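Read through the structure below, which is laid out as structure tokens, and then see the notes.
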Amino acid sequence: MEIERKYLITTPPQDYASYPFHIIEQAYLCTDPVVRIRKEDETYYLTYKSKGLLAREEYNLPLTQESYGHLLPKADGIVLTKRRYLIPVKGTDLTIELDVFSGKYQGLMLAEVEFKTKEEAECFTPPDWFGRDVTFSGEYQNSRLALQALM
């Protein structure tokens, strides 16, 4: 079960680039249900996500570089590219995943925080630098961004 909140970021902390990060490339084979392929650094996998905004089922299966390469041309929409910075939330065991997009969405920044329970997610007080909470709008779901870029 994935339980997360998502925020639009307009002014990230000045030191965000000093945190560890992953380079991510991802594409969508299907958006209903969501079936995604991802390259994260040198790791490849396929993900299934059920419907939902705050909470949904998520399953990851490993892929080889060859199978990722085979599936990539079959994807709908564009391939999303981003750097994901891992920023600890002070005083908690939570981590902010700050996605800084490149390519078609150059300049877009989104922050996600994953939680163990819905209650924890609902009680979360975001840091001051977080912008609008877009969790429940769905407008910034990556699967939607991949298809909207074509419009």
Practice item. Starting from the Cα of VAL79, step 7 Å toward the Cβ, then list every residue of the range 9-46 with an amide N under 18 Å from that point. Key: 22-30, 35-46
Check your understanding: Which value, in debye to the nearest 20, describes the size of the charge dipole of the range 82-151 about its Cα centre when Lys and Arg Cβ atoms bear +1, Asp and Glu Cβ atoms bear -1, and nothing else is charged?
Key -> 400
**Study point:** Cα centroid separation - the range 26-74 against the range 127-149, whole Å
**Key:** 18
Review point. Hey, rough spin-label estimate for ARG56 and TYR19, points 7 angstrom out along Cα→Cβ, what's it come to in nanometres?
Key: 2.3
Exercise for review: Report, in debye and to the nearest 20, how large the dipole of the range 10-151 comes out about its Cα centre when Lys and Arg carry +1 and Asp and Glu carry -1 on their Cβ.
Suggested key: 400
Practice item. Give a quick list of trypsin sites (Lys or Arg not before Pro) in the range 53-151 that DSSP marks as loop, anything other than H, G, I, E or B, with at most 13 other Cβ atoms within 10 Å. Key: LYS90, LYS116, ARG132
Check your understanding: Rounded, prolate or oblate: which fits the range 19-70 when a ≥ b ≥ c are the square roots of the eigenvalues of the alpha-carbon gyration tensor, with rounded for a/c under 1.5 and prolate only if a/b beats b/c?
Key -> oblate
Revision key, fill the gap. Judged on accessible area alone, 1.4 Å probe, highest first, CYS123, CYS30 line up as CYS123, CYS30
Review point. Dividing the Cα convex hull volume of the range 53-147 by residue count, how many Å³ per residue is that?
Key: 136
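The values are calculated or read from the model by the stated rules, or taken from the named source; none is laboratory data. All values derive from a computational prediction rather than experimental measurement. We place every Cβ from the backbone using ideal geometry, glycine too, and count neighbours over all the protein chains shown. Side chains included, ligands, DNA and RNA excluded: accessible areas come from the protein's heavy atoms. Shrake-Rupley method; radii C 1.70, N 1.55, O 1.52, S 1.80 Å.
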